[in-house]
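First comes the structure, then the notes that go with it.
The values are calculated or read from the model by the stated rules, or taken from the named source; none is laboratory data. Predicted, not measured: the structure shown is a model, and the values here were computed from it. Cβ placement follows ideal geometry from the backbone for every residue including glycine, while neighbour counts extend to all protein chains displayed. Note: areas computed on protein heavy atoms with side chains; ligands, DNA, RNA excluded. Shrake-Rupley method; radii C 1.70, N 1.55, O 1.52, S 1.80 Å.
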Amino acid sequence: MTATHSTRMLILGSGPAGLSAAIYGARAGLAPIVVQGIQPGGQLTTTTDVENYPGFRDVIQGPWLMEEMQAQAEHVGAQMMWDTIVEIDLTQRPFRLIGDGGNVYVGDVLVIATGAQAKWLGMDSEELLKGKGVSACATCDGFFYRGKKVAVIGGGNTAVEEALYLTNHSHDVTLIHRRDSFRAEKILQQRLFANEKINVLWNKEVSRFVGGGEPHGLVAIELKDTVTGELSQIEVDGGFVAIGHHPATELFRGHLELDEDGYLKVETGSTRTSVPGVFACGDVMDKVYRQAVTAAGTGCMAALDAERFLAEADFEQVAHAAE
């Protein structure tokens, strides 16, 4: 049996952005429904140590933090739904969305917090060593490698920026790129080449992440020369895959305006999208910062924007009825 669920505020995504929006929406009396999607809790559920989220002097665990956020959202009145949306209709309010099991979700406003996923190389060795020396976020995990040897894989803005950032913690940063030139902006390249802590390996691609030690973790990266095919190996303590992100926006193509990289476009200084009543927050609209704390902040913004939108719409409806 399928069912229809109606709410004043419908939220897609249950990471820090979606749950923060739910907390603020619930406290405003909007009884939000959160459709959790294919990864309840978002990317933090795949993270172990979190040391940069405000309010905790000791290291906390990513899954625990998301459990606490969800419990707080439910405590103040948000409702969680385990479903994945496969079809949307944003042509009129209330908006109508359909889950993969046929359930219908109707919302007076819609907050999109579906996030983005880091692109990985897709290797078995990479999967085995994720969180054990292999990471996709230098800003998140670089602090754990202070004074150690690290490598960054990639050749675009993200890779160059992460290599530069890592020099705050490491005196020995290697940037591995499979071509003989970078795609990154010229100003970033100039900063990179001027930094004595960074060494660039051209025409090299990762063939394997090498584990070892006790406890088991990354100890080296095996490389293949893209010109000669020769294999080599460099010893490192940390490896950062920096080849971009996939924003989860396929569902919204043709319905909402996206930028050239596929992220949802919002008005500067707000979370408003190209459709009135639809708001976007977190990594699905932020390709610059991509941090849990900034995602939570934009989730708060989205809820406040949505609350104001509803208040104005309700006022106009009452005024129109009184005419």
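Go through (1) under 22 Å from T167 (Cα atoms); (2) surrounded by 15 or more Cβ atoms within 10 Å (Cβ to Cβ); (3) touching a residue at least 24 places away in the same chain (Cβ under 8 Å) and name the single condition N199 misses.
So N199 meets the others, but not (2).
Within segment 71-78, does at least one residue satisfy the condition of being surrounded by 20 or more Cβ atoms within 10 Å (Cβ to Cβ) and either out of contact with any helix residue (DSSP H, G or I) (no Cβ under 9 Å at 6 or more places or on another chain) or modelled with pLDDT of 95 or more (or both)?
The answer is yes; a qualifying residue exists.
Here is a list of conditions, (1) open to solvent by 10 Å² or more (accessible area, probe 1.4 Å); (2) farther than 26 Å from H246 by Cβ, and S20 meets all of them except one; can you say which number that is?
Result: S20 passes all but (2).
Run V34 past the list (1) modelled with pLDDT under 95; (2) under 28 Å from F309 (Cβ atoms) and report the number of the one that doesn't hold.
(1)
Give segment 146-158 a look and list any residue that's at pLDDT 95 or above and not in a loop (DSSP other than H, G, I, E, B), or say none.
Listed by number, the residues that qualify are K149, V150, A151, V152, I153.
Please identify the pairs in which a residue from segment 11-28 that is at positive phi has its Cβ atom under 8 Å from the Cβ atom of a residue that is polar (S, T, N, Q) and open to solvent by 10 Å² or more (accessible area, probe 1.4 Å), counting only partners at least 6 apart or on another chain.
Going by the 8 Å Cβ cut-off, the qualifying pairs are G13/T114.
Scanning for something open to solvent by 50 Å² or more (accessible area, probe 1.4 Å) and within 24 Å of the chain's Cα centre (by Cα), does segment 216-223 turn up at least one residue? Lay out the reasoning, then the answer.
Kept after step one, since they are open to solvent by 50 Å² or more (accessible area, probe 1.4 Å), are these residues of segment 216-223: 216, 219.
From what's left, within 24 Å of the chain's Cα centre (by Cα): none.
No.
Looking only at segment 170-181, decide whether some residue is under 23 Å from T47 (Cβ atoms), open to solvent by 10 Å² or more (accessible area, probe 1.4 Å), in contact with a strand residue (DSSP E or B) (Cβ under 6 Å, 6 or more places away or on another chain) and not aromatic (F, W, Y).
No - not one qualifying residue is present in segment 170-181.
Among (1) more than 17 Å from H177 (Cβ to Cβ); (2) without any contact (Cβ under 8 Å) to a residue 24 or more places away in the chain; (3) touching an Asp or Glu at 6+ places or on another chain (Cβ under 9 Å); (4) of a type outside the set (F, W, Y), where does K224 come up short?
So the condition that K224 fails would be (1).
Being closer than 24 Å to D89 by Cα and open to solvent by less than 40 Å² (accessible area, probe 1.4 Å) is the filter here, so list the residues in segment 6-17 that pass it.
The answer is T7, M9, L10, I11, L12, G13, S14, G15, A17.
Which ones in segment 89-118 are open to solvent by 20 Å² or more (accessible area, probe 1.4 Å), over 21 Å from the mean Cα position of the chain (by Cα) and of a type outside the set (D, E, K, R)?
If the condition is that a residue be open to solvent by 20 Å² or more (accessible area, probe 1.4 Å), over 21 Å from the mean Cα position of the chain (by Cα) and of a type outside the set (D, E, K, R), then T91, Q92, P94, I98, G101, G102, N103, V106 are the ones that fit.
If you take the residues in segment 24-33 that are assigned to a loop (DSSP other than H, G, I, E, B) and open to solvent by less than 20 Å² (accessible area, probe 1.4 Å), which one is farthest from A118 (Cα to Cα)?
Here the residue is L30.
Considering only residues that are at pLDDT 90 or above and touching an Asp or Glu at 6+ places or on another chain (Cβ under 8 Å), look in segment 288-312 and name the one that is nearest to E267 (Cα to Cα).
Here the residue is T298.
Could we say that T226 is farther than 24 Å from W120 by Cα and either in contact with a Leu (Cβ under 7 Å, 6 or more places away or on another chain) or β-branched (V, I, T) (or both) here?
It is false that T226 is farther than 24 Å from W120 by Cα and either in contact with a Leu (Cβ under 7 Å, 6 or more places away or on another chain) or β-branched (V, I, T) (or both).
Of the residues L166, L192, only one is modelled with pLDDT of 95 or more, farther than 18 Å from V236 by Cα and surrounded by 20 or more Cβ atoms within 10 Å (Cβ to Cβ); which? Full working, then the answer.
Details: L166 fails: farther than 18 Å from V236 by Cα.
Matching residue, one of L166, L192: L192.
For segment 235-283, give me each residue that is open to solvent by less than 70 Å² (accessible area, probe 1.4 Å), outside any loop (DSSP other than H, G, I, E, B) and either among the acidic types (D, E) or within 28 Å of V206 (Cβ to Cβ) (or both). It would help to see each step written out before you state the result.
If we filter segment 235-283 for residues that are open to solvent by less than 70 Å² (accessible area, probe 1.4 Å), which is where we start, we get 236-245, 247-249, 251-252, 256, 258-259, 262-264, 266, 270-271, 273-275, 277-283.
With the extra rule that they be outside any loop (DSSP other than H, G, I, E, B), the set shrinks to 238-241, 245, 247, 251-252, 256, 258, 264, 278-280, 282-283.
Matches in segment 235-283: G238, G239, F240, V241, H245, P247, D283.
State whether the residues of segment 34-56 include one that is small (G, A, S), open to solvent by 20 Å² or more (accessible area, probe 1.4 Å) and part of a helix (DSSP H, G or I).
No, the conditions are met nowhere in segment 34-56.
Which pairs do you get when a residue that is among the aromatic types (F, W, Y), found in segment 158-185, comes within reach of a residue that is open to solvent by 10 Å² or more (accessible area, probe 1.4 Å), reach meaning Cβ atoms under 7 angstrom, with the pair 6+ apart or on two chains?
As it stands, the answer is Y165/T139; F182/Q189, since those pairs meet every condition given.
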